[in-house]
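The values are calculated or read from the model by the stated rules, or taken from the named source; none is laboratory data. All figures in this text were calculated on a predicted structure; none of them were measured in a lab. Cβ: placed from backbone, ideal geometry, glycine included. Neighbour counts: every protein chain shown.
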Amino acid sequence: MLLKRFLFVIALFISFIQTVNAAERHPDPDGCFSCHSLEGLDYIDKSGVLRSASIDKQHYYSSLHGSVPCKDCHRRIRDYPHKVKNGEVDCGNSCHVEEPSEGEPYTHKAVVKEYKDSVHGNGWHKGLTGGNRFTEAKEASDPSCRFCHPNELYISEAELPKFKDAFDHLDSECGSCHQGEIWLGQFGGHILRRFIGSRWNKNDHNKMCNNCHADHKRMAKVEKKNEKTGEKEKAGPRFILTSDSYATTLHGRLLETNVMQGASCIDCHAPKGFRHGVLRDEKSDASTHADNLAETCAQSDCHAYAIHPLNHRFVKTDLHDIDMIPVNNNIVPRDQSRLESGWVKALIALLPIIVMLGGGSLWWWLFGGKKKSVTFSVLGGDAFQEKIIGRKPKRKVKKTVTNKVHQNKKTVITSTKKEAEDE
């Protein structure tokens, strides 16, 4: 009986020790940080590029992938020292971190599928290593997963003060059950940052898109497949200048001044799913296809009235109209295609009036009898001064002044005569 009680106490003690240890999840079960956490692991690779194999341990633990074991991504690494190619990453793989609502290993497969079906689908999503970043940058015209999504901090520095103010009780309340800095640093940040809103706002989305689309040289190298001929063609000025034309719209100008009622690039081009399904306008299922524009514009908190048939012209407004770009831009075409511009058509319609007013101004300038030191507008100068600003023209003012001088002289002469008579 005594032996049974002793064994029971030992079992309780072991269970308690395991429970305490389980409160801290160590995301480095393979011991990668035994080497990679050391400072000064710099070397020159075969391409002559200076690289570093050192990883800031605390910074990594606070990042988006801080709770993911290294081998969940670098699956081909088996031995030490390992080759660079064995460190290749496939963003479509599942990892050991479980999705809380379903209890299954988390995976980006659905996101990668949506990305592959998009206009950017030829970009790299696998085979990614530290050594092929330059190759990717030179060869790939489409953005890769890591180009848009670096392993950044759970909570950005800009949001950190807001986070601290909202959750200053984190250590006292959450920490009473969840012991250890690892939980507080990784899982606490991962879960609680959702209470302060999305990690990215609309300006962050636009900044990500502009990393490519605001680079005119990069955009000029893009080749687009002609849907009719099936051949690849160089991108035209309208495509190259999409970022510039968007910046001139009300949407772009609102967000530039931090008014979040403006629509970001993704709000229009990938409003559904995982926000990776950007498609060309010609695709029937694209959110920017002519048949789908009304629904896109009428999405939540936007133009609800856009779905009404009478607003079809509003829906068809071209937010990337090249006519919104200043003509001094060296990419804007200056050929016969400009004749199709709505601005040019309006100019042609107003041309007779412009010629008439211009000719009248020229005639007045040549034969209008200008007077020195007196400046009047060509049309309605006198009337403007009298009726609009309530002031008589200068030439009339001069006559008035002359009359006053004469009156003053008469007054002086009269007073002089009276003084003489009195004497």
Requested in this report: Test residue 106 against the stated conditions and say whether it is surrounded by fewer than 18 Cβ atoms within 10 Å (Cβ to Cβ), of a type in the set (Phe, Trp, Tyr) and within 29 Å of the chain's Cα centre (by Cα).
Outcome: yes
Report summary line: Scanning the range 82-103 for residues that are out of contact with any helix residue (DSSP H, G or I) (no Cβ under 7 Å at 6 or more places or on another chain) and at pLDDT below 80 gives 97, 98, 99, 100, 101, 102, 103
Query - Close pairs from the range 324-351: first in the same structural domain as residue 240 (by TED's automatic domain parsing), partner among the polar types (S, T, N, Q), Cβ under 8 Å, at least 6 apart - result: 324/245; 324/248; 324/249; 325/245; 325/248
Query raised in the report: In the range 108-128, is there at least one residue being closer than 17 Å to residue 72 by Cβ, hydroxyl-bearing (Ser, Thr, Tyr) and modelled with pLDDT of 85 or more?
Result: no
